[in-house]
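The values are calculated or read from the model by the stated rules, or taken from the named source; none is laboratory data. Everything numeric here is computed off the predicted structure, so don't read it as measured data. Here the Cβ positions follow ideal geometry from the backbone for every residue, glycine too, while neighbour counts run over all protein chains shown.
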Amino acid sequence: MPIIPHISYNNTSDLEAIITQNDGSPLYGEIEMFRRIYSDCSESEYTWHFWHNLRLPVSIKNQNEIQIDFLLVSEKGVAVIETKGGKVGIEQGMYYYEAARERKFMDRSPFDQARDYMYALINNKVVSSSQLFIDTICAFPHTRMEHTSANPNADLGYKLWSKIQHDDSSISFADFCITVLDSDKNKIGWNRPDLDPQDVEIAIQTLLFNFADRSRNVYSERGMEAILQRLNIDNLSTFSSLQKNERIFIEGGPGTGKTTIARAYIEKYHTLRGLYLCWNRLLEAKIRNEFWKAGLPNCQVEQFASFLFSLQSKVSSIGLSLDDISNGAANDKIDALFTAIRGKEDFTPYDYVVIDEAQDVLDKGAIPLLNSLTSVTRDGVSNGRYLVFYDTEQGYNHELRQIDELADIVAHNGARFVLDTNKRVPTNKEIVSFAKMLLDGKSAEELFQIIIDENYASTQVFYFEGAKQLIKHINQVKKSIREHSRDWNDYVILADSSTKKEPTSGNEKLYDRIATVEGIKELNPRNICQDTSEIPFTSMLAYKGLECKHVILVINGRVDINTFELYVGMTRAIMDIQLLVLK
């Protein structure tokens, strides 16, 4: 199985120039352990996540920072490894190392150091000790030592990797770690089963977030790409606990894994006739393309209003209008439409319905739709089969629309579950935390200043005196994408709605000006899935429900900024975001 390194350098063949003392001389003991750990864990039956020289600004005793030589995480648990090179010995219970034939005693034993670091991780909630078993190991690769004490009760020799094991190529360090973990689990009566690979991945995301958050995360494109690859796992622990329910109602904000669960649900029922509904036309086109590629032809993907119009075309004299549907004023007509559809001889209920972003449609006929189209007896909300995703924070004007009350009607009839853990990469958590300040009452201007003061690399604000300078910045982004051979579809530019209304100079609107720039692709349902050498571009609200690695927001700061739009735009970003503000 592979070893997954979480290190800032790529060339491990020249460790003598990387792992050094203050004077530049190599730390040979640490270097040898690095290579041994890397080699043995690479050949292990388990997958090992690997950190070296992990510095964290968490307190322990009189220290404001800890530095862990090596940290390993596998299905078996977590190992905090303290390494001492050179000759190490014990005299009257005190550890010493020899330098220039002189003994220098240590203030604390290596085992105590490792134990301190372990509890620093636990007490500062960097690692959840209820989820992962955490243990300590010491490595003295240049010292032959079997025991640490003549007292069997105090002897920690079983946790020591010394020159005895190090010189024996038949002994695997990975296996040694597992032996220590299993031994200490037995001693304390740890009765939880070992994690499976999926659970390890989820636990690692939490670890990465805490590490990055506490060390003021330095953004790394390469590092983030590796995290994104690991996020492609099937995060189905939630779904597995819900799949026996016919009616599932899931609340969750951006990045909490709703898309993964929707995909699992549809794949589970892939032989049945399903309907997937959303409010956004671009999201409809994207999901339809993804289902086609995944070989899921039995799930019909539709934009909510378009679906109602397609039903209306099969009957007469209903008279639905888009404005009435959008304003929630067409419910009586929608009821009449469903009655007419159900009266047709060929009517057959859908085997299941998925409603994504339900906060957009609950007051626009979603409840009568579930009742009518998932049940032969028109009681689908209580007896049909459906999956509903809901996020109050992305529901425009949700209090006046009484969205929560409507949500309760649906949720009361099925399994209700809240996803409150962001499953995306660490920088996304930073972005979402900033965006939520808007929901807490911060103005856009106050938020911009907070972002500038916090100085995260993942979230940046740029001010421009005029449209010309703003577009020049966009052109620099295009140049960077081209020069570094990056994927154009990993980027998107989203503009607020005022850029379509307020002219920047003369009668020209900023949105229209950007849309005509060479190398910009204004998105529509036909081209959203096409690969081109252009940056996709649309409005923030048109992109609602979608996400992208690198998001660039264009904001007209010359008018009052709509904080709801800005929240939607910011939470589209997975890895990083730039906010371009026209002054």
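Just checking, does the stretch 25-33 include any residue being in contact with a Gly (Cβ under 8 Å, 6 or more places away or on another chain), in the same structural domain as Phe176 (by TED's automatic domain parsing), under 18 Å from Phe140 (Cα atoms) and not in a helix (DSSP H, G or I)? Within the stretch 25-33, one or more residues are in contact with a Gly (Cβ under 8 Å, 6 or more places away or on another chain), in the same structural domain as Phe176 (by TED's automatic domain parsing), under 18 Å from Phe140 (Cα atoms) and not in a helix (DSSP H, G or I). Considering Glu502, Glu483, Glu518, Glu547, the condition of being of a type in the set (Asp, Glu), in contact with a strand residue (DSSP E or B) (Cβ under 7 Å, 6 or more places away or on another chain) and over 25 Å from Gly253 (Cα atoms) is satisfied by Glu502 alone.
Among the candidates Asn64, Asn53, the residue that is free of Cβ contacts under 8 Å to residues at least 24 places away in the same chain and either over 29 Å from Glu102 (Cα atoms) or among the polar types (S, T, N, Q) (or both) is uniquely Asn64. Taken over the stretch 136-161, the residue count meeting the criterion of being within 30 Å of the chain's Cα centre (by Cα) and either surrounded by fewer than 22 Cβ atoms within 10 Å (Cβ to Cβ) or aliphatic (A, V, I, L, M) (or both) is 0. Can you work out which of the residues in the stretch 349-393 that are assigned to a loop (DSSP other than H, G, I, E, B) and touching a residue at least 60 places away in the same chain (Cβ under 8 Å) is surrounded by the fewest Cβ atoms within 10 Å (Cβ to Cβ)? Looking at the filtered set, the residue picked out is Asp351. Checking Lys286, Lys293, Lys258 one by one, the residue that is of a type in the set (Lys, Arg) and either in contact with a helix residue (DSSP H, G or I) (Cβ under 9 Å, 6 or more places away or on another chain) or surrounded by fewer than 16 Cβ atoms within 10 Å (Cβ to Cβ) (or both) is Lys293 and no other.
Mind listing whichever residues of the stretch 545-567 are closer than 22 Å to Lys293 by Cα and touching a Gly at 6+ places or on another chain (Cβ under 9 Å)? Give the steps one after another, and end with the answer.
First, pick out the residues of the stretch 545-567 that are closer than 22 Å to Lys293 by Cα: 545-549.
Within the stretch 545-567, just Glu547 meets the criteria.
Within the stretch 511-532, one or more residues are free of Cβ contacts under 8 Å to residues at least 60 places away in the same chain, touching a helix residue (DSSP H, G or I) at 6+ places or on another chain (Cβ under 8 Å), of a type in the set (Phe, Trp, Tyr) and within 30 Å of Gly441 (Cβ to Cβ).
Among the residues of the stretch 514-529, is there at least one that is part of a helix (DSSP H, G or I) and not aromatic (Phe, Trp, Tyr)? Yes; the residues of the stretch 514-529 include at least one that is part of a helix (DSSP H, G or I) and not aromatic (Phe, Trp, Tyr). Among the criteria (1) farther than 24 Å from Trp292 by Cβ; (2) under 21 Å from the mean Cα position of the chain (by Cα), the one Val477 does not fulfil is (2).
The lone criterion from (1) in contact with a Lys or Arg (Cβ under 9 Å, 6 or more places away or on another chain); (2) under 23 Å from Val568 (Cβ atoms) left unmet by Lys429 is number (1). Could you tell me whether Asp408 is modelled with pLDDT under 90 and either over 21 Å from Lys549 (Cβ atoms) or hydrophobic (A, V, I, L, M, F, W, C) (or both)? Judged against the criteria, Asp408 is a match.
Of the residues making up the stretch 73-82, those that are at pLDDT below 95 and either surrounded by 22 or more Cβ atoms within 10 Å (Cβ to Cβ) or more than 16 Å from Pro193 (Cβ to Cβ) (or both) are Val73, Ser74, Lys76, Gly77, Val78. If we keep just the residues of the stretch 53-69 that are touching a helix residue (DSSP H, G or I) at 6+ places or on another chain (Cβ under 6 Å) and part of a strand (DSSP E or B), which is modelled with the lowest pLDDT? Among them, the one singled out is Ile60.
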